[in-house]
Each structure stands twice: as C-alpha cells, then as structure tokens.
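The structure under discussion appears below in the form of structure tokens.
The values are calculated or read from the model by the stated rules, or taken from the named source; none is laboratory data. Worth saying up front: this structure is predicted, and the values here are computed from it rather than measured. Every residue, glycine among them, receives a Cβ derived from its backbone with ideal geometry; neighbour counts consider all protein chains shown. Side chains are part of the model used for accessible areas, which takes the heavy atoms of the whole protein and leaves out ligands, DNA and RNA. Shrake-Rupley method; radii C 1.70, N 1.55, O 1.52, S 1.80 Å.
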Amino acid sequence: MTTATRTMTRIGIAAFVAIGAGMATPHSASAIVSGGCTATGNETSTDIDPKHAAGAGGTSFDITTGSEWHVHRGSFVSGTGTAPSDQTEGHVDVVVFGLAIPLKSGTGHGTTGSAGTFKVDDLSKYTRTVDITGGSDSCSGSLSLIVDDVSATSTLAGQAGLGATALGVIGVGGVAMRRRGI
C-alpha cells in the first residue's frame, strides 16, 4: 500500500468517525427572530386548535428569546407569529444536513399567522434534535426542537451515526493491525 493510499484511508476513517459522532449527538442553533416580529410555540398532548393550546393544559415557549425548545414524544407542537406590519406569505422549514426542507407554507394577509399543528413523533423517529426555520415577508426565525424523552441512538440519524462510528473503529483497528504486520 502506498503512502498516499494509507493517508487517504486514514482521512476516510477519521471522516467516518467524525460523521458518526456528529449524527449521534444533539446540537443546537441559536433562535433568532428578526424584523421586529415575535413568535410563540405551544405544546399539547392532543391535536387541538393552537390558539387555545396554552389554555387547554398545554405549555407555551417564547421562540423570540429561546433557542432550544424542549418537547416530549407523543405531543403536538404549533407556532404563531406576530409582525409589526401586514404579511402576505409565510413558511416553516426543517433543516436537515444544512438543507431547508419545506414543512408548511401559505399566503394570506394580516399581522399574525400560524403554521398549524405538527406531531412530534413524525419528526422524532428521524432525529432527537430538529432545527426549524420560518419566515414571512419581513420576518424570519429559527430554533432547535429537542425531544427530551427520545434517546439519540434510537433515532434513524443516531443509528446511522453508530453504524458509521463502528465502521470507523473497525477501519482504525484494521489499519493498526496492518501497520504491525498482524
């Protein structure tokens, strides 16, 4: 095996270990709500009208000032936003590997809006921490949704991360054994 091949093998193994560790551990993004707007999230144990969630036994979260919203498996979340001027369009996206995937969008007219209600279980089977962004004509915001009662390794991303880590460890062991002539 040439020196260049060995170097490339080591780089590949290090990348597998880094990717695996990154996928299995939670991360956070800062909540930033811009444009003079405010946003509030609501979590309930049932799929009810988000405008009445906090009054119906649900909990509220101030998205304007909070960066990590801790929620529970089996619950439903919703968000509402208020702008200082009329808005005509809005959207909510889930960010996966740096790519924004549309979750909901719509058009209308007014200073308040809601993206509807989402089931936490629909997202938590893929990952424990979900980065969410949203915006309208002159407002935007982001936060990390963290599902507290889900193990990072029980999600699809966590299992992929563990698998990549295992391959990396096996590769490192293989390289170490070859260098010793075993």
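How large, in percent, is the carbon and sulfur part of the accessible surface of the range 56-142 at a probe radius of 1.4 Å? Don't skip to the answer; put the middle values down first.
Numbers: 2580 of 4630 Å².
After summing per-atom areas, the C and S share lands at 56 percent.
Mind giving me the FRET efficiency for residue 107 and residue 177? R0 is 45 Å, r the Cβ-Cβ distance, nearest 0.05 is fine.
Working: r = 61 Å, r/R0 = 1.37.
Efficiency, from the Cβ-Cβ distance: 0.15.
Where does the range 56-129 land on the Kirkwood hydrodynamic radius, alpha-carbon pairs, in angstrom?
Values: mean 1/r = 0.0714 Å⁻¹.
Here the Kirkwood hydrodynamic radius works out to 14.0 Å.
For a quick check of understanding: with a 1.4 angstrom probe and all protein chains in place, what accessible area in square angstrom does residue 75 have, to the nearest ten?
Roughly 10 Å² of residue 75 is accessible to a 1.4 Å probe.
I need the calculated FRET efficiency for the pair residue 62 and residue 96, taking r as the beta carbon distance and R₀ as 35 Å, to the nearest 0.05. Don't skip to the answer; put the middle values down first.
Details: r = 25 Å, r/R0 = 0.72.
Using R0 = 35 Å, I get an efficiency of 0.90.
Provide the net charge surrounding residue 59, with neighbours chosen by a C-beta distance below 13 Å and charges set as Lys +1, Arg +1, Asp -1, Glu -1. Display every interim value, and only then the final one.
On the way: positive: none; negative: 43, 62, 148.
So the surrounding residues net to -3.
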